[in-house]
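Report on the following structure.
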Amino acid sequence: TIGMVVIGENGTVASGTSTNGAVHKIPGRVGDSPITGAGSYADSTAGGAAATGDGDIMMRFLPSYQAVEYMRMGTDPAVACQKVISRIQKYAPNFFGAVICANTTGSYGAACNKIPGFTQFHFMVSSPSLSQPTEKVVDCI
Amino acid sequence: SPAALPVVVNTWAFRKAAETAWRVLQLGGSELDAVERGCGQCEIDQCDGSVGYGGSPDESGETTLDAMIMDGNTMEVGAVADLRHVKNAIGVARKVIEHTKHTLLVGESASLFAVRMGFPYEDLTTQKSLLMYSKWLNQNCQPNYWKNVVPDSSESCGPYKRPEKIIYKEELTISQRSIHNHD
């Protein structure tokens, strides 16, 4: 799955996802990606977020919407991402998942759930302060 | 992370998608254009086998796509789910925003909408996805997403159905509930 958040110079936020879903899924199964607030969420008065991972679990917690609401309250994007991962961990400690977050001032962050074989999450960032699109890594929690 | 706009953030190390989105912004495109083209780049590149055609075959060997796009100014959303036979899922999602008052279109009906919007109707399977599918069939359809069915889904393929015993018990409780125990 690709999840993307774009914030323009004037603070306009847009988000999106695209995926082919879970391999060997039961025909008709839809995961979190196309679900507003789960796959991604954008609000130009607060920020944007997008998620990737086990959609059957994650969609129930609307992680993207919740992360944007945390950022609306002033929470740093990285912390907002960690908080939504923690909320899911309580019910599904071994879920596979990660979230990216960015607020309207251009700060960004990401978080992921640490499970065997998945202890770091790689994501891409492009901004004027980086000479070119740059790969970033975050340690899972 | 230093505060600076514009900014593009995307999941996983999908570099070309990030570059595409950034270039769209640099050339004066809108934020929605950047998301559509950036995610669309992964649909073309089949990023990680997890985006686009030819990946993640379902239990019948078919690849279907899900996508969404959201405008944070108007809070408008376009989304497609279980999209069949059309490769550019996020492009179709964008058309849902632009040409309907709906938010989410699903399945074959979403594909018909896409064709009406000018998207080609194509086969999303490839040699690779067919190989993945046949390998899965040869491994007793493991892993799969079924539970509480017969035959045992952790050991064999289907078709699966509900175990007989559970069906009988349920019918009993329903009849009891309706006669003696209701609001």
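Computed from the coordinates by the stated procedures, all read-outs in this text should not be read as laboratory data. The shown structure was predicted, so the numbers you read here are calculated from the model rather than taken from an experiment. Neighbour counts run over all protein chains shown; Cβ positions are idealised from the backbone, glycine included.
Report those helices (runs of 4 or more DSSP H) wholly inside the stretch B:82-151 carrying at least 3 residues which are closer than 14 Å to residue B:43 by Cβ and touching a Leu at 6+ places or on another chain (Cβ under 8 Å). Write out each step before concluding.
Numbers: elements: B:89-99, B:107-116, B:127-138.
Per the criteria, B:89-99.
Look through the stretch B:38-52, keep the residues that are crowded, with 22+ Cβ neighbours inside 10 Å and more than 7 Å from every other protein chain (Cβ to nearest Cβ), and return whichever of them is farthest from residue A:32 (Cα to Cα).
B:41
Restricting to the stretch A:1-40, and then to whatever is of a type in the set (A, V, I, L, M, F, W, C) and part of a loop (DSSP other than H, G, I, E, B), can you tell me which residue is farthest from the other protein chains (Cβ to nearest Cβ)? Before the answer, list the steps.
Initial filter on the stretch A:1-40 (of a type in the set (A, V, I, L, M, F, W, C)): A:2, A:4-7, A:13-14, A:22-23, A:26, A:30, A:35, A:38.
Of the ones still in play, those that are also part of a loop (DSSP other than H, G, I, E, B) are A:22-23, A:26, A:30, A:35, A:38.
Working: A:22: 6, A:23: 4, A:26: 5, A:30: 4, A:35: 7, A:38: 9 Å.
Among those that are of a type in the set (A, V, I, L, M, F, W, C) and part of a loop (DSSP other than H, G, I, E, B), it is A:38.
Being of a type in the set (A, V, I, L, M, F, W, C), more than 23 Å from the chain's Cα centre (by Cα) and under 15 Å from residue A:15 (Cα atoms) is the filter here; which residues of the stretch B:1-53 pass it? I'd like the intermediate steps shown before the answer.
Residues of the stretch B:1-53 of a type in the set (A, V, I, L, M, F, W, C): B:3-5, B:7-9, B:12-14, B:17-18, B:21-22, B:24-25, B:27, B:32, B:34-35, B:39, B:42, B:44, B:47, B:51.
Still in the list and also more than 23 Å from the chain's Cα centre (by Cα): B:3-5, B:7, B:22, B:24-25, B:27.
If the condition is that a residue be of a type in the set (A, V, I, L, M, F, W, C), more than 23 Å from the chain's Cα centre (by Cα) and under 15 Å from residue A:15 (Cα atoms), then B:7, B:22, B:24, B:25 are the ones that fit.
Inside the stretch A:5-23, can you point out the residues that are without any contact (Cβ under 8 Å) to a residue 60 or more places away in the chain and of a type in the set (A, V, I, L, M)? Explain how you work it out, then say what you get.
Initially, the stretch A:5-23 is screened for residues without any contact (Cβ under 8 Å) to a residue 60 or more places away in the chain, giving A:6, A:8-10, A:12, A:14-23.
Of everything in the stretch A:5-23, those that are without any contact (Cβ under 8 Å) to a residue 60 or more places away in the chain and of a type in the set (A, V, I, L, M) turn out to be A:6, A:14, A:22, A:23.
Please indicate, with yes or no, whether at least one residue in the stretch B:60-71 is at positive phi and over 12 Å from the mean Cα position of the chain (by Cα).
Step one: of the stretch B:60-71, the residues at positive phi are B:61.
Add one more test, that the residue is over 12 Å from the mean Cα position of the chain (by Cα), and what stays is B:61.
Scanning the stretch B:60-71 turns up at least one residue that is at positive phi and over 12 Å from the mean Cα position of the chain (by Cα).
Give the stretch B:65-86 a look and list any residue that's closer than 17 Å to residue A:25 by Cβ, facing another protein chain (nearest Cβ under 7 Å) and surrounded by 24 or more Cβ atoms within 10 Å (Cβ to Cβ), or say none.
Those that are closer than 17 Å to residue A:25 by Cβ, facing another protein chain (nearest Cβ under 7 Å) and surrounded by 24 or more Cβ atoms within 10 Å (Cβ to Cβ): B:65, B:66, B:67, B:80, B:81.
Hey, among the residues in the stretch B:89-129 that are out of contact with any Asp or Glu (no Cβ under 7 Å at 6 or more places or on another chain) and small (Gly, Ala, Ser), which one's farthest from the other protein chains (Cβ to nearest Cβ)?
B:118
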